[in-house]
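Trainee: Can you read through this structure? Questions will come right after.
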Amino acid sequence: MNITEKLNHGFVIFDGKMGTMLQARGLSAGELPETWNITRPEIVTEIHREYIKAGAEVVTANTFGANRLKYCDGSGDFCLENIIRAGIGCAKDAARDSGALVALDVGPLGKVVGWLGGIGFEEAVSCFSKIVRTGALAGADFILIETMNDIYELKAAVLAAKEACDLPVVATVVFDESGRMMSGSDPASVVALLEGLGVAALGINCSLGPTKMKSILPELLKYASVPVIVQPNAGMPQICDGKTVYNVSPAGFAGHMREMAEAGARGLGGCCGTTPEHIKALVGATQGITPQPITEKNLTMISSATHALVIGRRPLIIGERINPTGKKPIKEALLAGDYAGIAEEGALQADAGADILDVNAGLPGIDEAGALEAIITELQMITKLPLQIDTSNPAAMERALRAYCGVPLINSVSGKSESLASVLPLAKKYGGVLVGLTLDDDGIPADVAGRLKIAEKIIAEAEKHGISPNRIVIDPLAMSVSADPSAALATLKTVAALIDMGIHTLLGISNVSYGLPMRDTLNSAFFTMALYAGLSLAIVNPNSAEIQKAYRAYLALSGKDENFSEFIDFAKNAAKSEAGSGQAASAPAPAAPAAGAPAGGAVGPGGGHSELYQAIVRGMEAAAQDAAVELLKTNDALEVINGHIIPALGWVGEEFEKKRIFLPQLLMSAGAATAAFGQVRATMKAGCGTKGKIILATVKGDIHDIGKNIVKLLLENYGYEVIDLGRDVSYETILKSTQDNNVRLVGLSALMTTTLPAMKQTIKVLRREVPDCRIMVGGAVLTEEYAKSIGADYYAPDATGAVKIAEEVFGQGK
Ligand code: B1M
C-alpha cells in the first residue's frame with residue numbers, strides 16, 4: 001500500500017525527530033545535520049531502525065534542510081544531490097524488509113518567499129523541484145513537506161512536488177497558539193489551498209506541544225476531506241543550561257496522541273524533542289481505537305492567504321471595479337503600468353463591503369498576463385479578500401493562478417470545446433472554484449432548459465478531469481433587458497433551477513441594465529430579485545449605495561442577519577454619511593462582519609488620520625510616496641517623520657503584536673514607510689560632514705533599520721560624516737570599521753528583545769578593543785536604564801537625541 005492507501009485504511013504511525021536523535025549522538029550546534037548522511041550514514045540508518053523498531057510505519061529521510069541555498073547545486077561530495085541520495089539511501093536501508101515507507105523530508109528554505117528581501121515565488125518552486133526530483137529518483141515513497149510557516153512557500157513547495165514527480169504529496173504546517181500560521185493563515189485557508197493543489201494528506205507539525213495542538217485539530221478536521229496528520233513537539237521548548245529541552249514524557253505524549261487519534265487524526269508521529277520512546281508509547285496508546293471515518297465535506301471554498309470563504313452559506317459580493325471595460329481610470333492605470341494604483345481600487349471596494357474582488361486586466365495592446373499577475377501580487381499584499389481571476393486568456397490565467405496565494409474563483413470556463421480543453425486542466429492543477437458560463441459553440445440559449453444543459457455539460461466535463469461538482473459555480477448570464485425584455489426573467493428562472501439542483505450560482509448584475517438610464521436602480525432591483533431566487537455570488541459595484549441598501553435589506557428580510565444587527569449598524573453608518581455629505585451619493589461603510597465571519601477587507605485603523613498614515617498602515621507604497629511629497633510642501637521633514645511615519649508604524653506594530661495583521665502586511669507597511677522616508681530624505685540636505693565621523697549599525701540578527709536611517713539622516717544634516725554599516729551587522733565588522741576609520745562615536749540600534757544580547761556583546765568588544773571610543777544606543781526596545789546596564793555611554797530616545805549626543809562627544813554642544 002502507498003501512503004494514500006495506508007492513511008485511508010487506518011492509522012499510520014510516523015517517526016519522531018531525527019535532529020533530536022542526532023544531537024544526542026554528538027551533532028554540534030551549527031553543524032548541518034544532513035552532512036551526516038555522508039559522513040556518519042551508519043548513525044542515521046541506526047536512528048531510522050530505532051524508530052521502526054518502536055513501531056514507526058514511516059521513516060522520514062534526513063533531508064529536512066537539504067536545499068540549494070544550503071548545499072551546492074553542482075558536483076562534489078557534499079553537493080545537494082549527494083546529500084539527498086545518501087539521506088534516502090540511509091532510510092531505505094533501514095526500512096528494507098520492514099514494510100515501512102520512506103518519506104523525502106522537505107523543510108522550509110529559510111527565506112521569505114515572494115516578498116522584499118526574500119526569494120521570488122518561481123525561484124522557490126525551482127529550489128523545491130530540484131529537491132523533489134532528486135528524492136523521487138533516489139527512491140522515496142512519498143514527499144513530506146513539513147514545518148511550513150508561510151502559506152506562499154507552502155504553495156511553492158506543493159506545486160513543485162506535483163510538477164516534479166508522480167509520488168503522493170503530504171504537507172504539514174506550523175500553527176501558533178492563536179491557531180494561525182506565521183503568514184496569518186487560518187486552518188480553513190490551509191485546507192482549501194492544499195486540497196485544491198491535490199495533496200494526499202495534510203496536517204500540523206512542530207511549534208506546539210500536543211496539548212495545544214489538540215485544540216487546533218478540530219478546525220482542520222471540520223474542513224478537510226483528506227486524512228489529517230499530527231506531529232507535535234514533545235512540549236514547548238525550554239532553555240536549560242544553554243540547551244533546548246522538551247519536557248513531555250513518552251507516556252504524557254502518548255496520552256495526548258490517543259485523544260487526537262480518537263478525534264479523527266489518521267497520521268500520528270512526533271516532531272522536536274520526540275524519540276523512539278515517544279513513538280513506542282504512542283503505538284501502545286493507540287491500540288484498540290477504531291479510526292474515525294474520513295468524510296467528504298463537500299464544501300465550495302475559496303480563500304486568500306489568510307482567510308477562507310464557504311460559498312453558499314450566505315450571498316457574497318464580488319467587487320467589479322478592477323476591470324478596464326467602461327472604467328477610464330483603470331484603463332489608464334493599466335496602460336501606465338500603475339498596478340499599485342489599481343490595487344488601491346481593490347482596497348476601496350474592500351472598505352465598501354466587498355467579500356471578493358474581481359480582477360480583470362483584459363485591455364488590447366498590453367501584456368495581459370504580466371498585468372494580471374502584477375495586480376494580483378499587489379492586491380494580495382494589501383487585502384485579505386479572496387480574488388476572482390477574470391480572463392479568457394489561458395496564458396494569463398495560468399500566470400495568475402501560479403501567483404495567487406490561495407484558492408481563487410476562476411472566471412471562467414464555458415461550454416465551448418476550446419474553453420473546456422484549455423481551462424479545465426488549469427483548474428485541476430492549481431485548484432480554484434470554476435465559474436461555468438452557460439454558453440457554448442452555438443451561443444447563449446434563450447431558454448432555461450438550454451442553459452441548464454450547458455451547465456450539466458460543464459460539470460460532467462470537469463468531472464472527467466477530476467474536478468468535483470462542488471468546485472463549480474454556474475453563471476447563467478445576465479443579459480441586457482434593453483435588447484430582450486424577457487432576458488432578466490429567463491436568467492432568474494435559471495438561477496432558481498440551478499439552486500434546486502444544488503448548484504451554486506453567480507451573476508454579473510450590472511449587465512442587465514446596459515443601454516438604459518438609471519442603471520443603479522435597475523441593477524439593485526435585479527440584484528434583489530436574484531438574491532431571492534437563491535443567487536450565491538453577485539458581481540456588483542460595492543461602492544453603490546443602492547446596491548448596498550438592496551443587499552443589507554435582503555439579508556435582514558431573509559433571516560440571514562441575526563437580530564438585524566448588521567442592518568442596524570449599516571443604518572447608523574448610512575445616517576452618518578448622509579449627514580456628513582448632505583446626500584447618499586456613495587455607499588456608507590459596511591456593517592461590522594458578523595461574529596465568526598472572516599475579517600473583511602483592507603487593513604486600516606479607520607478615519608481621522610493623514611493620507612500618509614493611512615497609506616503606511618495599508619502598505620501602499622506609491623500612495624505613501626505621493627502623500628509624503630504633499631505633506632512636505634507644508635511641513636518640515638521632522639514633522640513628517642515624527643507626526644506621521646512613526647505613529648503609523650507604531651499602529652502597525654501594535655496590530656502585529658495583537659495578531660490582527662501578519663508578516664506580509666508588516667512588510668508592506670515597512671516598504672511604504674521606507675518609500676515615504678525616501679521623499680523626506682530628498683528634501684534634507686546633508687551637511688559638510690566635517691564635524692566628526694560616526695559609525696551607525698543595527699546589531700547582528702536585527703534587520704530593522706528605519707529608525708537607524710532616520711538617525712543617520714539627521715546626523716548628516718547636522719554636518720557629521722556617517723559610516724553606515726547597515727543592518728544585521730556583526731561585532732567583528734563594527735570593531736574593524738571603528739579601528740580602520742579611527743572613529744570616536746559608534747551608534748548601535750536594536751529593535752527586538754532577542755537582539756539585545758548582540759548589542760551587549762558588541763559593546764563589550766568595543767570597550768575592550770577601542771576603550772576611547774564612545775558608544776550610543778537607541779531603538780524602541782531600549783531604556784536609559786538598560787542602556788547603562790549593558791555598558792553604553794549614551795542612550796538616545798530619538799534622532800534628535802542622537803544629534804545632541806554627537807554634539808557633546810565632538811565638543812559642539814554647550
Ligand atoms: Co518588526 N518587530 N519584525 N519588522 N517591527 C517590531 C520591532 C515589534 C516590536 C513588532 C511587535 O511585535 N509589536 C517586534 C519585536 C518584538 C520584541 O522583540 N519586543 C517585531 C518582530 C517580532 C519582527 C519579526 C521577528 C517578525 C517575524 O518575522 N515574525 C521580524 C524580525 C526580523 C529580524 O530583525 N530578524 C520583523 C520584521 C520586520 C520588517 C522587516 C517587516 C519591518 C522592518 C523593516 C525595516 O526596518 N527595514 C518591521 C517593522 C517595520 C516593525 C515595526 C512595526 C516598526 C519599526 C520601526 O521602523 N519603527 C516594529 C513595531 C514598533 O516598533 N512599533 C516592529 C519606526 C522607527 C522610526 O522607530 O526604530 O524605534 P525606531 O527608531 C526611533 C528611535 O527608537 C530611535 O530613533 C528613531 C527615530 O525616532 N532610534 C535610535 C533607533 N535606533 C537608534 C539608534 C540611535 C539612536 C536612536 O543611535 C545609534
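Trainee: Which ones in the stretch 620-647 are aliphatic (A, V, I, L, M), within 25 Å of Gln380 (Cα to Cα), more than 9 Å from the ligand (Cβ to nearest atom) and buried (at least 18 other Cβ atoms within 10 Å of the Cβ)?
Mentor: First, pick out the residues of the stretch 620-647 that are aliphatic (A, V, I, L, M): 620, 622-624, 627-629, 631-632, 637-638, 640-641, 645-646.
Remaining after also requiring within 25 Å of Gln380 (Cα to Cα): 620, 622-624, 627-628, 645-646.
Remaining after also requiring more than 9 Å from the ligand (Cβ to nearest atom): 620, 622-624, 627-628.
Met620, Ala623, Ala624, Ala627, Ala628, listed by residue number.
Trainee: Could you tell me which numbered condition Thr63 fails, if it satisfies all but one of (1) more than 31 Å from the chain's Cα centre (by Cα); (2) within 28 Å of Asp97 (Cα to Cα)?
Mentor: Just one mismatch for Thr63, condition (1).
Trainee: Continuing with the same structure: Given the stretch 40-158, what helices (runs of 4 or more DSSP H) lie entirely inside it while holding 3 or more residues that are over 25 Å from Leu197 (Cα atoms) and touching a Cys at 6+ places or on another chain (Cβ under 9 Å)? Spell out the reasoning first.
Mentor: Details: elements: 41-54, 80-95, 121-137.
It comes to 41-54.
Trainee: Check Ala446 against each of (1) modelled with pLDDT under 95; (2) part of a helix (DSSP H, G or I); (3) among the hydrophobic types (A, V, I, L, M, F, W, C) and name the one condition it does not meet.
Mentor: Ala446 satisfies all of (1) modelled with pLDDT under 95; (2) part of a helix (DSSP H, G or I); (3) among the hydrophobic types (A, V, I, L, M, F, W, C) except (2).
Trainee: Something else now. Among the residues of the stretch 25-56, how many are surrounded by fewer than 17 Cβ atoms within 10 Å (Cβ to Cβ) and touching a residue at least 60 places away in the same chain (Cβ under 8 Å)?
Mentor: Looking only at that region, the number is 1.
Trainee: Still on this structure: Can you find even one residue in the stretch 215-229 that is buried (at least 16 other Cβ atoms within 10 Å of the Cβ), of a type outside the set (Val, Ile, Thr) and within 23 Å of Met21 (Cβ to Cβ)?
Mentor: no
Trainee: Another question, if that's okay. Among the residues of the stretch 794-814, which ones are within 11 Å of the ligand (Cβ to nearest atom) and not in a helix (DSSP H, G or I)?
Mentor: Pass one, the stretch 794-814, residues within 11 Å of the ligand (Cβ to nearest atom): 794-806.
Selection gives Tyr794, Tyr795, Ala796, Pro797, Asp798.
Trainee: Further, regarding this structure: Can you name the residue in the stretch 676-708 that is over 31 Å from the mean Cα position of the chain (by Cα) and touching a residue at least 60 places away in the same chain (Cβ under 8 Å) and is also nearest to the ligand (Cβ to nearest atom) among such residues?
Mentor: Residue satisfying both the conditions and the ranking: Ile694.
Trainee: Exactly one of these conditions fails for Gly235: (1) small (Gly, Ala, Ser); (2) within 26 Å of Leu101 (Cβ to Cβ); (3) assigned to a loop (DSSP other than H, G, I, E, B). Give me its number.
Mentor: If we test Gly235 against (1) small (Gly, Ala, Ser); (2) within 26 Å of Leu101 (Cβ to Cβ); (3) assigned to a loop (DSSP other than H, G, I, E, B), just (2) comes out false.
Trainee: If you don't mind, another one. Checking Ile289 against (1) modelled with pLDDT of 95 or more; (2) hydrophobic (A, V, I, L, M, F, W, C); (3) touching a strand residue (DSSP E or B) at 6+ places or on another chain (Cβ under 8 Å), which test does it fail?
Mentor: Among (1) modelled with pLDDT of 95 or more; (2) hydrophobic (A, V, I, L, M, F, W, C); (3) touching a strand residue (DSSP E or B) at 6+ places or on another chain (Cβ under 8 Å), the lone unmet condition for Ile289 is (3).
Trainee: I've got another one for you. Hey, could you check the stretch 741-765 for residues that are within 11 Å of the ligand (Cβ to nearest atom), polar (S, T, N, Q) and touching a strand residue (DSSP E or B) at 6+ places or on another chain (Cβ under 9 Å) and say which is modelled with the lowest pLDDT? Spell out how you get there, then give the answer.
Mentor: Step one: of the stretch 741-765, the residues within 11 Å of the ligand (Cβ to nearest atom) are 745-756, 758-759.
Then drop every residue that is not polar (S, T, N, Q), which leaves 749, 753-755.
Subsequent filtering for residues that are touching a strand residue (DSSP E or B) at 6+ places or on another chain (Cβ under 9 Å) retains 749, 755.
Working: Ser749: 97, Thr755: 90.
So the residue we want is Thr755.
Trainee: Before we move on, is Asp724 within 14 Å of the ligand (Cβ to nearest atom), charged (D, E, K, R) and surrounded by fewer than 20 Cβ atoms within 10 Å (Cβ to Cβ)?
Mentor: yes
Trainee: List the residue pairs whose Cβ atoms are under 7 Å apart, where the first residue sits in the stretch 785-808 and is free of Cβ contacts under 8 Å to residues at least 60 places away in the same chain, the second is assigned to a loop (DSSP other than H, G, I, E, B) and within 10 Å of the ligand (Cβ to nearest atom), and the two are 6 or more positions apart or on different chains.
Mentor: Tyr795/Leu782
Trainee: Further, regarding this structure: Scan the stretch 249-280 for residues that are over 17 Å from Ile229 (Cα atoms) and at pLDDT below 95 and report the count. Outline the logic, then answer.
Mentor: Initially, the stretch 249-280 is screened for residues over 17 Å from Ile229 (Cα atoms), giving 249-252, 273, 275-277, 280.
Now narrow it down to the ones that are at pLDDT below 95: 273.
Qualifying residue count, the stretch 249-280: 1.
Trainee: Could you figure out which of (1) touching an Asp or Glu at 6+ places or on another chain (Cβ under 7 Å); (2) at negative phi; (3) in a loop (DSSP other than H, G, I, E, B) isn't true of Thr172?
Mentor: (3)
The values are calculated or read from the model by the stated rules, or taken from the named source; none is laboratory data. What you see is a predicted model; the values in this text were computed from it and never measured. Every residue, glycine as well, gets a Cβ built from its backbone with ideal geometry; the counts of neighbours run over all protein chains shown.
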